[in-house]
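Please read the structure below before turning to the comments.
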Ligand SMILES: Cc1ncc(COP(=O)(O)O)c(C=O)c1O
């Protein structure tokens, strides 16, 4: 997002900076209570501190979870179109990508449960990489969808590694359900990766954590973390995360209101452009736009958006071939900027004919 981080975060970081001593750091006493307090207060999820492992960032947490629970060549289910870095971490760790595409019907994406059952039945498949809420189209999976998905995975002994870093960003009318909050049988078959990075616009402060309720699995992960020595603390990441989780509620709510205002603006303006369809988001500041009616091949669509509309969007094909003809737009920006961008798109499309 383009927004400044909450004042409580910048003040806490300033105080830490003014302290002036930056030797090795321990975990501040207030950090874990702030974190578990946030999960309870915002999402009704009770997380035990001993189940939490720290990680430098979410992708690193996902990679460590994958390496700790699979071997090279093992199959990992992904549900495209999905966040492009999922593919990278699987390729770079030599895991087999098993694709179970989401189904798009009447402008809404959903899980393909039959496909999931087929993929999960393969004994080489060990993990499902879930994105909850789902990047790029902002589906906030419902409790019943997650239950059904979790039951299929449990039946076939497929571990659910869930990236929930957008969980704080559910829009009004939608509720983020942490997968592990569905009950102990779901929790023990899960690893959840979370972070304040997106919620508070502090991704460069690199701070993430993993909730691993199963004791044996957690012991394995802890041993792997200590072999890699990824257990040092960054002073600024710690204070930023603690301050955000302890006092960032009002800031987050105002940002969500603002994003909803931006979304209304996009809806209004796209109503005049039948060539572009908005997949209605339920969460996140990311919009998934369907440009298929323009009839442009994927590379030409990207070039058109970049050169004619001056839109620095992420091309849909980055999320898998299911994203061909789509693009992902970030609306975490000022309304004036968004309005200019929409003017540019309208002009480009009108000229395109
Ligand atoms: C779903 C999802 N997971 C992970 C990341 C990357 O997180 P980090 O920078 O903490 O590795 C992103 C960033 O866009 C994301 O959208």
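The values are calculated or read from the model by the stated rules, or taken from the named source; none is laboratory data. This one's a predicted model, so the numbers in the text were calculated from it and none came from an experiment. A quick note on method: Cβ atoms are made from the backbone with ideal geometry, for glycine too, and the neighbour counts reach across all protein chains shown.
Quick notes on this one:
- For residue 162, the criteria (1) free of Cβ contacts under 8 Å to residues at least 40 places away in the same chain; (2) part of a helix (DSSP H, G or I); (3) touching a helix residue (DSSP H, G or I) at 6+ places or on another chain (Cβ under 8 Å) hold in every case but one, which is (2).
- Residues satisfying the stated conditions in segment 296-353, i.e. within 19 Å of the chain's Cα centre (by Cα) and not in a helix (DSSP H, G or I): 313, 314, 315, 320, 326, 327, 328, 329, 330, 331, 332, 333
- From the options 226, 199, 207, residue that is crowded, with 20+ Cβ neighbours inside 10 Å and modelled with pLDDT under 95: 207
- Against the conditions (1) surrounded by 22 or more Cβ atoms within 10 Å (Cβ to Cβ); (2) under 12 Å from residue 209 (Cβ atoms), residue 51 satisfies every one except (1).
- Residue identified as outside any strand (DSSP E or B), modelled with pLDDT of 95 or more and either over 29 Å from residue 33 (Cα atoms) or in the same structural domain as residue 177 (by TED's automatic domain parsing) (or both) among 265, 287, 256: 265
- Of the residues making up segment 191-224, those that are more than 16 Å from the ligand (Cβ to nearest atom) and touching a strand residue (DSSP E or B) at 6+ places or on another chain (Cβ under 9 Å) are 212, 213, 214, 217, 218, 221, 222.
- Long-range neighbours under 8 Å by Cβ, at least six apart or interchain, first residue without any contact (Cβ under 8 Å) to a residue 40 or more places away in the chain within segment 76-88, second within 12 Å of the ligand (Cβ to nearest atom): 85/59
- Strands (runs of 3 or more DSSP E) contained in segment 88-135 and holding at least 1 residues within 16 Å of the ligand (Cβ to nearest atom): 108-110, 125-131
- Pairs, first in a loop (DSSP other than H, G, I, E, B) in segment 47-67, second away from the ligand (no atom under 12 Å from the Cβ), C-beta under 6 Å, six or more apart: 47/36; 47/39; 47/211
- Residue within segment 56-78 that is touching a strand residue (DSSP E or B) at 6+ places or on another chain (Cβ under 7 Å), at pLDDT 95 or above and closer than 19 Å to residue 244 by Cα present: yes
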